[in-house]
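> Below you'll find the structure I mean.
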Amino acid sequence: MSHRKLKTVKTTIWLLAFAAGNAWAGAQQYEPLSASVKSQLSKAVSDTAVKNAAFASSPEVQAWLAEMSRRLERRIPDAEYREDFLNTLHYESIRAGLDPEMVLGLIEVESGFRKYAVSSATAQGYMQIMPFWTKVIGSKDHNLFHLRTNLRYGVTILRHYIDIERGDLFRALGRYNGSLGKPEYPSAVYAAWRKKFTYGITPANARSTRQAQSGSLRQGS
């Protein structure tokens, strides 16, 4: 069996295991931050909340929200909460310069869209945020099970890791999961992104992550 086929088989096996209810038990690792980076991240997680998605009035975004709502109906049955979730996710992703569909793929792998998911490493919520982040860049009052707080932390941390890895999304995903250098987790996120959440609308300031997809996969293969 070729290396590429073996990698595909491993990713498929993992996705099947996850579908059976096994969350990925990785976690971000604590790393000392410079004062300037800490200040920047602290500001990023502390801004005011948003009520509507970025560009929500545009027909394209409305179509995106409707389609993603349809795809998540079984994961998040409450229609009103699902709308709030997608509006917040879209806004926070675009704000961080990330593709919202990629972030959906990450959440699929990290928590299976379970708001109160807790990993064996104590990572919490949709995007499986490690509690130490509230002390490092946030506030002890920040509730990581709160929808906007969890998504804001998650996209801010991933953006930070992408910057550390100089735009290499594949490696940044590994760092996010605490498995840098191993292909299984980034490959699973890419698989969920491609197979479940690709829609075809790429917001301008999130285009870089979509364009990096093929290149990052080649680097990680």
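> Residues in the range 180-194: is at least one closer than 19 Å to Asp84 by Cα, in contact with a Ser or Thr (Cβ under 9 Å, 6 or more places away or on another chain) and among the aliphatic types (A, V, I, L, M)?
Scanning the range 180-194, I find no residue that is closer than 19 Å to Asp84 by Cα, in contact with a Ser or Thr (Cβ under 9 Å, 6 or more places away or on another chain) and among the aliphatic types (A, V, I, L, M), so the answer is no.
> Residues that are touching a Phe, Trp or Tyr at 6+ places or on another chain (Cβ under 9 Å), at pLDDT below 90 and over 13 Å from Gly154 (Cα atoms): list the helices (runs of 4 or more DSSP H) wholly contained in the range 1-114 that include at least 1 such residues.
Helices (runs of 4 or more DSSP H) meeting the threshold: 3-19, 59-71.
> Scan the range 157-183 for residues that are in a helix (DSSP H, G or I) and surrounded by fewer than 17 Cβ atoms within 10 Å (Cβ to Cβ) and report the count.
Count: 2.
> Can you confirm whether Ser120 is touching a residue at least 24 places away in the same chain (Cβ under 8 Å), of a type in the set (Ser, Thr, Tyr), within 21 Å of Ser179 (Cα to Cα) and surrounded by fewer than 16 Cβ atoms within 10 Å (Cβ to Cβ)?
Spelling it out, Ser120 is indeed touching a residue at least 24 places away in the same chain (Cβ under 8 Å), of a type in the set (Ser, Thr, Tyr), within 21 Å of Ser179 (Cα to Cα) and surrounded by fewer than 16 Cβ atoms within 10 Å (Cβ to Cβ).
> Give the range 96-117 a look and list any residue that's charged (D, E, K, R) and crowded, with 21+ Cβ neighbours inside 10 Å, or say none.
Within the range 96-117, Asp99, Glu101, Glu108, Glu110 qualify.
> Modelled with pLDDT of 95 or more, under 26 Å from Lys196 (Cα atoms), in a loop (DSSP other than H, G, I, E, B) and in contact with a helix residue (DSSP H, G or I) (Cβ under 8 Å, 6 or more places away or on another chain): does that describe Phe145?
Judged against the criteria, Phe145 is not a match.
> Now for a separate question. Would you mind telling me which numbered condition in (1) touching a Ser or Thr at 6+ places or on another chain (Cβ under 9 Å); (2) at pLDDT 95 or above; (3) not in a loop (DSSP other than H, G, I, E, B) Val136 fails?
Unmet for Val136, out of (1) touching a Ser or Thr at 6+ places or on another chain (Cβ under 9 Å); (2) at pLDDT 95 or above; (3) not in a loop (DSSP other than H, G, I, E, B): (2).
> Is there a residue in the range 98-118 that is touching a Pro at 6+ places or on another chain (Cβ under 9 Å) and of a type in the set (A, V, I, L, M)?
no
The values are calculated or read from the model by the stated rules, or taken from the named source; none is laboratory data. The shown structure was predicted, so the numbers you read here are calculated from the model rather than taken from an experiment. Please note: Cβ atoms are built from the backbone with ideal geometry, for glycine as well, and neighbour counts cover all protein chains shown.
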